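S.K.: This is the structure, below, for whatever I ask next.
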Amino acid sequence: MVRSCNIDEIEKEGITMDQLAGIARCNQLNADVVYVNDHASIDDFREVVKQSCKGSSMAVICSFGKSYLGELGVGQFATIAGYHAERGLVLALEPARYKHRIFWTPLECLWRAMVATDKVTNPTIG
């Protein structure tokens, strides 16, 4: 488990959503972690995405199972950068863009990828 903001440790072991929020707090940012199993619904998620994409100071970072979106690998973080309401799509920015692509995906597909269970920590991934 990551116990510090040491980049070498993070690259070796990875981080959970709670640990990412801790790093944000270490850098003077407000961070709330909401797991999809915390009584959040897909409609709640859609509203948060809409709000964050309307130019608020809020950012949404999702943790999701890549395989649920047809990608190789296990878990991934992505920042939501856009929302296309008519088509129900979100624009996800991958943190390691040299390895992963920026992509549009249906909000419902991302939600299902977030609902997946993390085999290491047992809660939902997102």
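S.K.: Please list, ordered by chain and number, the residues whose modelled amide H lies under 5 Å from the amide H of VAL36; skip anything fewer than 5 residues away on the same chain.
M.R.: GLY126
S.K.: Using 0.36 nm times the number of residues separating TYR68 and GLU13, minus their current alpha carbon distance, what extension gain do you get?
M.R.: Result for the pair: 17.6 nm of gain on full extension.
Taken together, the values in this text are just the output of simple stated rules run on the coordinates, not laboratory data. Bear in mind the structure is a predicted one, so any value in this text is a computation, not a measurement.
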